[in-house]
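What follows draws every value from the coordinates through simple rules; no lab data is involved. Quick caveat: nothing in here was measured; it's all calculated off a predicted structure.
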Amino acid sequence: MGAVIGFVPREEYTKAKAPEWASVGAAYREARKGLNLTIQKVATEIGVSSSTLARFEKGVPVRASRLIENAYGLYLVVHNATRRGLLDHMDLDMAAFLKARLIVDCDLSEDGAPVSITRPDGTVVAKVDTGSVETNYEVAEEMCKKLGEPFYCTY
């Protein structure tokens, strides 16, 4: 006999998912505030009303929440990269950049310059300063591999 598929009433499902939705929304709100962005600015940029985005940030169910979450995340990554000047001078592999959870920023303009490892929201994970650009990069790359997260290097 085949598997029996049951349905959970909407109220039950909503109640069970509420803590997860609240956590996701809060993380996006924190990232937005950390970048000094208003809810109106982000909402306009990703194509939703500010009230819908406010409900999303509070963990209240909204239509197309996955789409909003993906658009919000993409906007924050691109905004932060643009703000930091990371998109000004590079031939960007956008697919790799968007998948990155760590950004290794190498300054090749001066020998021995430290290398920064940051998250897309700008949170600094580590700074590597061995006195050698090549060694800094190698150490940073190894750190990212050990963390097991996709990373992107900028120069």
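Table for the structure above
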| read-out | value |
| --- | --- |
| Read-out Cα Rg over 2.2 N^0.38 Å, derived from the coordinates shown; its label in (i) 1.03; (ii) 1.42; (iii) 1.31 | (iii) |
| Mean separation of Cα contacts under 8 Å (6+ apart) over length of the chain, as relative contact order % | 18 percent |
| Sequence-distant residues sharing a close amide H with Gly59 (under 5 Å, placed H) | Gly25 |
| Normalised contact order of segment 10-83, rounded percent, pairs of Cα under 8 Å and 6 or more residues apart | 37 percent |
| Residues whose placed amide H lies under 5 Å from that of Ala126, excluding near-sequence neighbours | Ile117 |
| Relative contact order, percent, segment 94-154 [alpha-carbon distance under 8 Å, six or more residues apart] | 40 percent |
| Helix runs (DSSP H) in the chain reaching 20 Å along axis by Cα, Kyte-Doolittle at least -1.0 | 65-83, 133-147 |
| Cα pair distances in segment 94-154, grouped into 10 Å bins until the bin that holds the longest one, percent each | 26, 55, 19, 0 |
